[in-house]
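A short write-up of the structure that comes next.
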Amino acid sequence: MFSLGPMAVALLATVAVGGIAYALLYPLISSEARTDKRLKEITVAEIEARRARKTADAATSRRQQVEESLKKVEERQKSRRNPPLSARIHQAGLDWSKRQFLIGSGVIGTIVALIALFFGLSWYVVLGLTFAAAVGLPRWLLSYLKKKREARFIDELPNAIDVIVRGVKAGLPLNDCIRVIAAETSEPVKGEFRAIVESTSIGMPLGEACGKMYDRVPLPESNFFGIVIAIQQSAGGSLAEALANLSRVLRERKKMKAKIDAMSMEAKASAVIIAALPVAVMLLVYLTSPGYIELLWTTPTGRMMLAGSVVWMFTGTMVMRRMINFDF
């Protein structure tokens, strides 16, 4: 038989080991391996860059949607700063029409004019009292009723928002949560949310229906609620978290208002005393010495002094009112 020598065996073993080593190490030292590695790195970097761009585009799109929603809300607010008389009547919680309100104002003015004529007052006094009764008194009453209704709305709105938060967390749709509030809460929140339900039932988008609440209740709180719903409807996001934050903000605003009222109560009492003191002194002097003080309205100089005193007292009262009324 043919036999290999030791040199041939060693040579074959060396070639075999070299071939195995070449097969194992070639991918690591060849330029093709480096090229494949570089291509893989570039591919991974490109994928990550695309993901980052998509995330940035989504964030930019969401921010643009939020900005557009806020711009629309601001434009609606600018057009509502001077509401018509019919809107103010509704904001006061009255079911009267504009015609009924004007007729009632005319009746009040006529009654006051007849009473003034019965007591024999001069014509300019009668005209002043008639104007105040027909124009000033009804609008003051509207303002008073509006403030009382808004105070009740502010007290109840955070509780209504908490109901929505709990319902959304439990899996209920937002429309169902609003229907629960429209059926279970007290006025005026109940009526406002009922108006939202009626608006959505005829096809109006929910965000727009909630935004119209500011027309009926022109308060920052109702405006906040409309903005949150409008942004969530257009840009998405966690509605429960946004409304929970809104409820906390409304309660903190209520606490701040109560604190401001408590701190300014002393200044308000001082302003009332200072404004009422001249009238009280004038009345006491008239009761004790009528001939001494009658010169103020029986002589031209006295009437001029009395008119100037009224103007200065009114100016001082308005200045004190501006000083003690805090807006936040």
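Every read-out reported here was derived from the displayed coordinates using simple, explicitly stated rules and does not represent laboratory data. Keep in mind that this is a model prediction, so the values were computed, not measured. A quick note on method: Cβ atoms are made from the backbone with ideal geometry, for glycine too, and the neighbour counts reach across all protein chains shown.
A few points about this structure:
Listed here are the residues, each with its yes/no results for (1) closer than 30 Å to Leu172 by Cβ; (2) among the small types (Gly, Ala, Ser); (3) part of a helix (DSSP H, G or I).
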site	(1), (2), (3)
Ser234	yes, yes, yes
Ala240	yes, yes, yes
Leu246	yes, no, yes
Thr301	no, no, yes
Phe314	no, no, yes
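- Residue that is of a type outside the set (Lys, Arg), without any contact (Cβ under 8 Å) to a residue 12 or more places away in the chain, surrounded by 12 or more Cβ atoms within 10 Å (Cβ to Cβ) and closer than 30 Å to Thr200 by Cβ, where the choices are Glu241, Glu294, Glu221: Glu241
- Selection of first residues in region 303-322 that are of a type in the set (Ser, Thr, Tyr) and of second residues that are assigned to a helix (DSSP H, G or I), restricted to Cβ pairs under 6 Å at least 6 apart or on distinct chains, gives the following pairs, ordered by first then second residue: Thr317/Ala275.
- Selection of region 78-105 for residues being of a type in the set (Gly, Ala, Ser), surrounded by 14 or more Cβ atoms within 10 Å (Cβ to Cβ) and out of contact with any helix residue (DSSP H, G or I) (no Cβ under 6 Å at 6 or more places or on another chain) yields Ala87, Gly104.
- Every pair of residues 6+ apart whose Cβ atoms lie under 8 Å, when the first sits in region 98-118 and is without any contact (Cβ under 8 Å) to a residue 60 or more places away in the chain while the second is of a type in the set (S, T, N, Q): Lys98/Ser86; Gly109/Thr130; Thr110/Thr130; Val112/Thr130; Ala113/Thr130; Ala116/Thr130
- Yes/no for Arg303 being charged (D, E, K, R) and farther than 23 Å from Val125 by Cα: no
Results for (1) among the acidic types (Asp, Glu); (2) outside any helix (DSSP H, G or I); (3) farther than 30 Å from Arg321 by Cβ, shown as yes or no for each residue.
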site	(1), (2), (3)
Asp176	yes, no, yes
Ala183	no, no, yes
Phe193	no, no, yes
Ser199	no, no, yes
Glu221	yes, no, no
Arg251	no, no, no
Lys255	no, no, no
Pro278	no, no, no
